[in-house]
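Here the structure is laid out as C-alpha cells; the discussion comes afterwards.
The values are calculated or read from the model by the stated rules, or taken from the named source; none is laboratory data. Since the model is a prediction, treat every value here as computed from it, not as a measurement. Cβ coordinates were reconstructed from backbone atoms using ideal geometry, including for glycine residues, and neighbour counts include every protein chain displayed. Surface accessibility is based on the protein's heavy atoms, side chains included, excluding ligands, DNA and RNA. Shrake-Rupley method; radii C 1.70, N 1.55, O 1.52, S 1.80 Å.
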Amino acid sequence: MSSLASLFDPDLLRRYDRPGPRYTSYPTAPQFSAQFQENELREVAAVTNGDPIPRPLSLYVHIPFCTSPCFYCGCNRIITRDRSRGDSYLTRLYREVCMMSTLFDRDRQVSQLHFGGGTPNFLAADQIAEVVDVLRRHFSFAAPRELDCSIELDPRFISPAEIGVLADAGFNRASLGVQDFDPVVQQAVNRIQSVEETLAIIEACRLHRFRSVNVDLIYGLPLQTREGFDRTLDITLAARPDRLAIYSYAHLPAMFRPQQRIRAEDLPSPELKLDLLRCAIERLGEAGYVYIGMDHFALPEDDLAQAQSRGDLHRNFMGYSTHAESDLVGLGVSAISHIGASFSQNPRDIGSWEQAIDQGRLPVWRGMRLDQDDLLRADVIQQLMCHGSIDFREIERRHVIDFGDYFGDALQQLLPLQADGLVELSPDGLRSTSRGRLLLRIIAMCFDRYLPAHTEAAAPRFSRTV
C-alpha cells in the first residue's frame, strides 16, 4: 500500500464505532464453557498427535505480576512488589509444563515461544532464562534460525545488560510497552517512563541482533493532545521499530477496576480521538510502514509484512503471527490453548490455578470443541482479518460448500457495508476497500453466528471498534 492515508475516513469510522470482538479467536472466549475440562483437553491433544504430518507447537507463557498498576490496563495481572511470588509461581509453572508436555509426541517441534503478562520481566532475566531451559527439557525445540522467541517488556524494569541474558536464552523478538511519552499523560495513567530508558532497551535489542522490536502506543488516553501525541510519534519513528501497534484505549471501568481511577472528563473527545488515529496513520505511512491489520503496522521487510504478502499470515491470542500451521499451548494463569479443533483456558484467578496444579491436575477452567460450522467460519474470519479478503472458491474447495448458499444471511448483512464503500463483493469473493481496512472487525461480525445471541447488556464485554 503506497499510502496509509486512504485508510482514514472519519465519517465511516464514527458511524461504525460500536462494540465488537477482536477475533483473536473464533468462536470468541465468551463462548467457552466449563463443560470442557481436563479429559477433553487430553482427548483433543491425542487426536492431534495422530496427524500424518506432525503439527508444530507454539508455546505461550503468562507471567501475571506487575509492580504497579497502569490505570488503562485490561490485562489479567496481579499487583505486587514481593519478588518471592515469582519463585512460588515458577515452581507450579514447571509442574504444569511437565504435565502439558506429556500430551504431545516428541516429534512435534516448538516453532514459536512467547512470554506475555502482566509484566514478564517482573522476573529477573536469569529466571526467564531458567523458564526457557525448563521448556527445552520438556519440549522439542526447532533450530534457532527457525524459532521465533518473543517477550513483552516493560523498559522501566529491565537493563540493557539483561537484554544480553535474554538473547543468550534464545529470545530474538521483543515488544515494548510505551503508550505515550507525554509526562502529563503518563501521570494520568500511572506509568512514568522516560524516553532514555526506552530507547536504551531498543538499542540493546538491536545490539544483540533481535530480529524485530515492536513498540505499543495507545490513542484515546486521558489528557492526550494532538501536540503531545505528535511528539510521541516523533520519538518513536526516529527509533524506527520494526513493528508498531497503535491501540485504541477501551474505557470499560465496570470490567476493569483500575480504569475507575481515570476520570471520564479527562478522556479525549471522539473528534480528538479520531484525529489522533488519523495523525498516527498519516505519520506511519510517510515513514514507510505497511498496515498489517487490527492496529498493527510493520516495515515492508519485516516478517509480518512478508507473510501478509505471501498469503500465510495468521492471527491468534498472541496477535499476528507467521506460524499458521501450529497448535497453541498456553501455560500459566488465564493462558489459552488452541489445540486441534478446540480452545481451552486456564483459571483467571491464581488461587484456582494453584489448587489444580497442587492436586496434580491440568488447570483447565473452560473451553470448547469446535464443530464443522465453527471451523468454517473461523477460516473465513481468519482470511478476512489477516488479508482483508475472502476467496469464495478457495473456501468452497476446503470445506465442500456452496458459499452463496451457506452464507446467504452474511452476504445480505454485507450489502449495507458495500453501499458504504467498506467492501467490494463479486461472485468469486469479497475484498475490503482501503476505507474498510480499519473496520475489519465490523466486516467479520457479519460471519459470526454467535453474535445475534448477545443482548445489549452483554455488549460491554467487547471493546469498541475504533
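Annotations
- Residue that is small (Gly, Ala, Ser), at pLDDT 95 or above and in contact with a Leu (Cβ under 8 Å, 6 or more places away or on another chain), where the choices are 88, 33, 58: 58
- Near pairs, Cβ below 6 angstrom, 6+ apart or cross-chain, from region 185-199 (modelled with pLDDT of 95 or more) to any residue that is among the basic types (Lys, Arg) and open to solvent by less than 60 Å² (accessible area, probe 1.4 Å): 193/156
- Close contacts from region 222-249, counting a first residue that is within 25 Å of residue 302 (Cβ to Cβ) and modelled with pLDDT under 95 and a second that is open to solvent by 40 Å² or more (accessible area, probe 1.4 Å) and in a helix (DSSP H, G or I), with Cβ to Cβ under 8 Å and a gap of 6+ residues or different chains, come to 248/273.
- Residue that is most open to solvent (accessible area, probe 1.4 Å), among those in region 175-205 that are in a helix (DSSP H, G or I), closer than 30 Å to residue 143 by Cα and not aliphatic (A, V, I, L, M): 203
- Criterion applied to 371, 420, 428 was being more than 22 Å from the chain's Cα centre (by Cα) and open to solvent by 80 Å² or more (accessible area, probe 1.4 Å), and the one residue passing it is 428.
- The set of residues in region 206-228 that are within 23 Å of residue 149 (Cβ to Cβ) and assigned to a loop (DSSP other than H, G, I, E, B) comprises 208, 209, 210, 211.
- Scanning region 336-352 for residues that are of a type in the set (Val, Ile, Thr) and either modelled with pLDDT under 95 or not in a helix (DSSP H, G or I) (or both) gives 336, 339.
- For beta carbons closer than 6 Å, sequence separation of 6+ or different chains, a first residue in region 425-449 that is more than 22 Å from residue 393 (Cβ to Cβ) and a second that is part of a helix (DSSP H, G or I), the qualifying pairs are 434/6; 434/7; 435/12; 437/7; 438/7; 445/451.
- For region 250-267, the count of residues that are under 28 Å from residue 434 (Cα atoms), surrounded by 16 or more Cβ atoms within 10 Å (Cβ to Cβ) and among the hydrophobic types (A, V, I, L, M, F, W, C) is at least one.
- Screening region 147-163 for residues that are in a helix (DSSP H, G or I) and over 21 Å from the mean Cα position of the chain (by Cα) and picking the one that is surrounded by the most Cβ atoms within 10 Å (Cβ to Cβ) gives 163.
- Of the residues making up region 103-135, those that are touching a Leu at 6+ places or on another chain (Cβ under 9 Å) and either among the hydroxyl-bearing types (Ser, Thr, Tyr) or part of a loop (DSSP other than H, G, I, E, B) (or both) are 103, 104, 108, 111, 119, 123.
- Scoring residue 76 on the criteria (1) at pLDDT 95 or above; (2) polar (S, T, N, Q); (3) touching a strand residue (DSSP E or B) at 6+ places or on another chain (Cβ under 8 Å) leaves a single failure, condition (1).
- Test result for residue 355, polar (S, T, N, Q), modelled with pLDDT of 95 or more and surrounded by fewer than 19 Cβ atoms within 10 Å (Cβ to Cβ): yes
- Selection status of residue 208, modelled with pLDDT under 95 and either within 25 Å of residue 321 (Cα to Cα) or within 22 Å of the chain's Cα centre (by Cα) (or both): no
Table: residues versus (1) outside any helix (DSSP H, G or I); (2) surrounded by 18 or more Cβ atoms within 10 Å (Cβ to Cβ); (3) modelled with pLDDT of 95 or more.
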| position | (1), (2), (3) |
| --- | --- |
| 278 | no, yes, no |
| 281 | no, yes, no |
| 288 | yes, no, yes |
| 292 | yes, yes, no |
| 301 | yes, no, yes |
| 309 | no, no, no |
| 315 | yes, yes, no |
| 329 | yes, yes, yes |
| 334 | yes, yes, yes |
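- Test: residue in region 165-174 that is surrounded by fewer than 18 Cβ atoms within 10 Å (Cβ to Cβ) and not hydrophobic (A, V, I, L, M, F, W, C): yes
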